[in-house]
Amino acid sequence: MSGNRALRRAFRIEDLRALARRRLPRGVFDLFDGGAEDELTLADNRAAFQRVRLRPKVLVDVSRADASTQLLGGPSALPMAIAPTGAVGFGWPHGEVALARAAQAFGIPFALSTSATSSIERIAAAVPGHRLWFQAYILKDRDFTMKLVERARAAGFEGLMITVDLPVGGKRERDFRNDFSIPFRWTPRNLRDFALRPAWVARQFASGLPVMENLIGLSAASTSTQAIASSVGRNYDPSFDWDALRRLRDAWAGKFIVKGIVRGDDAERAARLGCDAIVVSNHGGRQLDGGVATLDAMPEVIDAVGSRASVLVDGGVRRGSDVVKALAMGAAGVLVGRATLYGACAAGEAGAVRALEILSDELLRTMRLCGIRSTAEIGPDLIFRGPLGAQRESSFTG
Ligand SMILES: Cc1cc2nc3c(=O)[nH]c(=O)nc-3n(C[C@H](O)[C@H](O)[C@H](O)COP(=O)(O)O)c2cc1C
């Protein structure tokens, strides 16, 4: 099926995932799709949304509905932002540019990963004036980290996002099975894998193999995308702690976001430290397997933080109705990771745009079907707390 026709036939994020699976070598698809170990948390993130049921209001004039909101004190056309994801260029050349442009087209913030294959400056130039957040991992080389933060400031990024759920890399076994391991080896398995996807190979070779552009200068090994899967966490500093977080907070004048918290006590501490926003996240199930689903963890975090910081959530958002559920349970917004990634890896910018079209259409449709005209009207009364919801009744008092 031709590129555009296949995209037009994608009605669900799941269809974009299937398209990405058909177009990417297996090892590359699994690098994006997979989680850690038994993928319990990966599955549970999704299941937590599927356990929630809504209580729609009827006979409301919904001839107009508007999903715009304020995220971190700035306007966003939808209550969502694109989550930072590393190595996107392995799926589509400079896939981060595709994602950032799609975010700009839809008027939502874009978060760039430290381990992106497009540099801070490349992204700033691709979407001038757009709301950008830089996601920093804390590298063992702290000076290098601070230089990255300074580059983000100089390039006009409004937010600094510190990811705290990766003191060491999660055990991502699909990567091991697919021979995405250290050191990267050209094995019969991955050569056969690549040979089955000639269009992907041609695109990759035409554009030059991806490089982790932000990390150029750190060390040769750490900029090679070929080694990223199994080297996840290798350059990161496992001694990074609350004091170091405070120093970063003090060094950054803009919006400060902490990503990867799932406990009330940690959230409380982050809020006390002056973080503007907390992202309830378990890295899309790619780090601690067996960790709590993010939607299940969110009420505890919201209770602990109160009005001191915004609470965003990510992990498993695949439907517009998931966004309504998250907001009804108190989130200020969601981050989307794989949803837009599947689109970008399958078809570049057009694919990322398609993902956002699907999500925004479903979101507005769900709002109207619920008798809701604006995000401000989305409240806890929308959540059904009968037998199906009983599980969360004890923790969710909203
Ligand atoms: C392929 C991939 C790469 C990721 N890379 C990063 C990263 O570099 N930094 C980060 O903070 N989170 C990273 N994440 C986690 C996402 O930011 C986000 O938390 C997660 O994808 C949300 O779950 P979802 O994919 O189900 O939407 C990555 C996720 C994926 C799928």
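General remarks:
- Legend: residue pairs LYS147/LYS325; LYS140/LYS255; LYS171/LYS255; LYS255/LYS325; LYS140/LYS325, Cα-Cα distance threshold 29 Å; pairs beyond threshold, LYS147/LYS325; LYS171/LYS255; LYS140/LYS325.
- The range 70-117, accessible area per residue, ligands and nucleic acids excluded (1.4 Å, Å²): 20
- Selection among PRO380, ALA195, ALA98 by position relative to the dipole of the chain gives ALA195 as farthest towards the positive end (Cβ unit charges, Cα centre).
- Protection proxy ranking, peptides 318-324, 61-67, average beta carbon neighbours within 10 Å, highest first: 318-324, 61-67
- Antiparallel content of DSSP bridges confined to the chain, in %, to 5: 15
- Test item: Cα-centred dipole of the range 278-398, Lys/Arg +1 and Asp/Glu -1 on Cβ, debye: 180
- LEU54 long-range amide H proximity, modeled H, under 5 Å: PHE384
- Dipole in debye (nearest 20) - the range 1-151, about Cα centre, beta carbon charges: Lys, Arg +1; Asp, Glu -1: 620
- Hydrodynamic radius of the chain by the Kirkwood approach over all distinct alpha-carbon pairs: 21.2 Å.
- Taking a ≥ b ≥ c as the square roots of the eigenvalues of the Cα gyration tensor, the range 8-88 is classed as prolate, since a/c reaches at least 1.5 and a/b is larger than b/c.
- Cross-link partners of LYS259 among aspartates and glutamates, defined as those whose alpha carbon lies under 13 angstrom from its own and excluding same-chain residues fewer than eight positions apart: ASP165, ASP276, ASP314.
- Charged side chains reduced to their Cβ positions (Lys and Arg at +1, Asp and Glu at -1) give the chain a dipole of some 1140 debye around its Cα centre.
- Between GLY260, VAL336, ILE162, the Cα set farthest toward the positive side of the dipole of the chain (charges on each charged residue's Cβ, about the Cα centre) is that of VAL336.
- Packing here is the average count of other Cβ atoms within 10 Å per residue, and on that basis the peptides 121-127, 50-56, highest first, run 121-127, 50-56.
The values are calculated or read from the model by the stated rules, or taken from the named source; none is laboratory data. All figures in this text were calculated on a predicted structure; none of them were measured in a lab. Neighbour counts are summed over all protein chains in view; Cβ atoms, including those assigned to glycine, are modelled from backbone coordinates with ideal geometry. What goes into the accessible areas is simple: the full protein's heavy atoms, side chains included, and nothing from ligands, DNA or RNA. Shrake-Rupley method; radii C 1.70, N 1.55, O 1.52, S 1.80 Å.
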